1. Assigned by TED's automatic domain parsing to the domain that holds N424, of a type outside the set (S, T, N, Q), buried (at least 17 other Cβ atoms within 10 Å of the Cβ) and at pLDDT below 95: is that true of D337 in this structure?
2. Being among the hydrophobic types (A, V, I, L, M, F, W, C) and either at pLDDT below 95 or assigned to a helix (DSSP H, G or I) (or both), is that true of even one residue in segment 271-284?
3. May I ask you to list the residues in segment 300-335 that are without any contact (Cβ under 8 Å) to a residue 40 or more places away in the chain and either closer than 14 Å to T399 by Cβ or of a type in the set (F, W, Y) (or both)?
4. Filter segment 340-351 for residues that are of a type in the set (S, T, N, Q) and either surrounded by fewer than 18 Cβ atoms within 10 Å (Cβ to Cβ) or touching a residue at least 40 places away in the same chain (Cβ under 8 Å) (or both) and give the result.
5. Against the definition (closer than 18 Å to T413 by Cα and not aliphatic (A, V, I, L, M)), how does F340 come out, yes or no?
6. Is it the case, given these coordinates, that S253 is among the polar types (S, T, N, Q), at pLDDT 95 or above and in a strand (DSSP E or B)?
7. Show the residue pairs meeting these rules: Cβ distance below 6 Å; 6+ apart or different chains; first residue within segment 56-75 and in the same structural domain as S199 (by TED's automatic domain parsing); second residue in a helix (DSSP H, G or I) and at pLDDT below 95.
8. Being closer than 28 Å to N219 by Cα and either modelled with pLDDT of 95 or more or of a type in the set (F, W, Y) (or both) narrows it down to one residue among G300, G348; which is it?
Amino acid sequence: MCFGVGLLLVLGISRQFHSEATLDTLDPLPQDPYIQVYFNQNQAAFYTDPYRQITRHGDDLEQVLVDAIASANVSIDVAVHEFSLPGVALALAQRQQDGIPVRIVIENTYNISMADRSRSTIAQMEDRARTKASDQFQLIDTNQDGVLSDDELAARDALTILAQAHIPLIDDTADGSKGSGLMHHKFMVVDGRTVITGSANWTMSCVHGDYANPDSRGNANSLVVIESRELAQHFQAEFNYMWGDGPGGAADSLFGLQKPHRPSSLVSTPGSVLEVQFSPTSRTIPWAESVNGLIAKTLGQASRTIHLALFVFSEQAISDQLWPLAQRGVHIKTLIDPGFAYRSYSEGLDMLGIALPDHRCQWDANNRPWPTPITTVGVPSLNDGDKLHHKFAVMDQTTVLIGSQNWSQAANTVNDENLLMIRNSTVAAHFEREFQRLYEDARLGLTPQLQRTKARLRETCGAF
């Protein structure tokens with residue numbers, strides 16, 4: 001049922017609506033019994049952000065994780081790039097207290113408790129890290145006195161909560177390296193039968209929105225919850241490679257290229273066909289057998305439409321796969337995060353038939369602008385502070401590509417990543433609606449941002 005703003009006021013959920021008051025509320029789409037899809041900016045749902053008390057459109061992705069954790073009877077294994085959501089940490093701590101074994105793998109860059117940081121150390125960080133740490137500090141500092149007390153840390157610092165619950169945790173330096181690539185996964189396996197994965201890191205900015213910015217609604221992200229023991233076995237094997245013997249055991253954790261090559265595997269659930277693969281893939285293996293190769297193969301099977309919503313798109317070989325499809329009449333629409341869409345290596349520029357130098361006035365030798373460009377490429381309109389963090393494609397309204405993997409060479413050959421192909425029109429309808437939401441007011445073609453970028457580079461690099 002579609003609610004008008006007046007009814008929402010009567011229901012008492014008008015608190016801090018901001019831009020939501022101008023958005024239509026859509027009817028929910030049916031969910032597949034075995035594969036449920038959730039978006040933190042879903043216009044068919046409302047929830048109240050538990051930390052900022054802002055009522056807004058969206059699925060509560062944190063609650064999706066908490067509910068999955070609460071369902072566990074046997075085990076919970078988590079591999080997530082970044083983890084700072086207090087509610088999820090408290091739910092895991094409760095399960096550990098209940099006797100359900102919990103194990104966690106995270107990226108070493110974020111394996112630092114806020115108990116080990118102060119405002120002075122945060123002030124010395126580079127810009128991006130300082131902004132993230134400062135926002136997390138404010139989330140934990142509930143009385144806003146500038147000091148993180150033991151009680152505040154125990155209530156809202158995720159890593160402190162996990163440590164106090166004695167939950168075993170390792171990062172990607174457990175293999176004896178310094179973390180050669182990114183441990184970029186965002187998945188959880190519950191009881192060896194349920195997989196929760198997608199594009200969302202377990203952070204305020206990726207789920208609810210930046211704590212200190214009331215206009216932020218969170219980076220555009222999704223989660224999928226899949227009931228399949230067969231699929232769970234593949235994610236469990238990936239986790240086990242990284243875990244090894246865990247903390248205090250033998251130094252046998254495997255990250256990055258230390259893991260063996262794992263070709264893609266087909267999995268079925270009632271009504272669906274899935275294909276799963278994990279990165280990285282060594283450059284000594286044919287590119288077609290990598291995750292990016294699987295992306296290109298799946299895109300090549302489209303006959304009518306391809307819709308892309310991507311944080312980064314810099315893999316030339318995928319762009320090269322798309323151009324002949326466009327020539328055959330496949331309608332391609334692409335949205336890329338504004339922070340990456342117009343960089344010299346962006347395949348969005350190729351699709352627009354444009355080449356730009358980088359900030360050092362160097363040209364990427366591999367760029368191949370499309371001889372017959374398309375104009376249905378651009379950037380979404382996002383709330384202040386938010387990013388397009390999706391990594392999904394929808395083909396012919398029947399097939400979806402999702403996962404942690406950005407469409408880049410680094411993701412393909414260095415990082416710990418995952419990708420899922422799902423053939424299911426019910427699942428695809430959810431991603432198609434999300435794409436249309438983002439595309440509706442997107443800025444396409446030669447946008448003002450692109451023209452400013454070109455003008456700035458011409459001033460710096462001269463005519464081109």
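1. Values: assigned by TED's automatic domain parsing to the domain that holds N424: yes; of a type outside the set (S, T, N, Q): yes; buried (at least 17 other Cβ atoms within 10 Å of the Cβ): yes; at pLDDT below 95: no.
For D337, the condition - assigned by TED's automatic domain parsing to the domain that holds N424, of a type outside the set (S, T, N, Q), buried (at least 17 other Cβ atoms within 10 Å of the Cβ) and at pLDDT below 95 - is not met.
2. Initial filter on segment 271-284 (among the hydrophobic types (A, V, I, L, M, F, W, C)): 273-274, 276, 278.
From what's left, either at pLDDT below 95 or assigned to a helix (DSSP H, G or I) (or both): none.
No, because not a single residue in segment 271-284 is among the hydrophobic types (A, V, I, L, M, F, W, C) and either at pLDDT below 95 or assigned to a helix (DSSP H, G or I) (or both).
3. Here is the first cut: in segment 300-335, the ones without any contact (Cβ under 8 Å) to a residue 40 or more places away in the chain are 300, 317, 321-322, 324-325, 328-330.
Listed by number, the residues that qualify are G300, L325, V330.
4. Step one: filter segment 340-351 for residues of a type in the set (S, T, N, Q), giving 344, 346.
Once the filter is applied, which keeps residues that are of a type in the set (S, T, N, Q) and either surrounded by fewer than 18 Cβ atoms within 10 Å (Cβ to Cβ) or touching a residue at least 40 places away in the same chain (Cβ under 8 Å) (or both), segment 340-351 yields nothing.
5. Working: closer than 18 Å to T413 by Cα: no; not aliphatic (A, V, I, L, M): yes.
Considered against the rule, which asks whether it is closer than 18 Å to T413 by Cα and not aliphatic (A, V, I, L, M), F340 comes out as no.
6. Details: among the polar types (S, T, N, Q): yes; at pLDDT 95 or above: yes; in a strand (DSSP E or B): no.
Considered against the rule, which asks whether it is among the polar types (S, T, N, Q), at pLDDT 95 or above and in a strand (DSSP E or B), S253 comes out as no.
7. Close Cβ pairs satisfying both conditions: R56/E20; H57/E20.
8. Values: G300 fails: closer than 28 Å to N219 by Cα.
Among G300, G348, only G348 is closer than 28 Å to N219 by Cα and either modelled with pLDDT of 95 or more or of a type in the set (F, W, Y) (or both).
The values are calculated or read from the model by the stated rules, or taken from the named source; none is laboratory data. Note that the structure is predicted; figures quoted are calculated from it, not measured. FYI the Cβ positions are ideal-geometry reconstructions off the backbone, even for glycines, and counts take in every protein chain you see.
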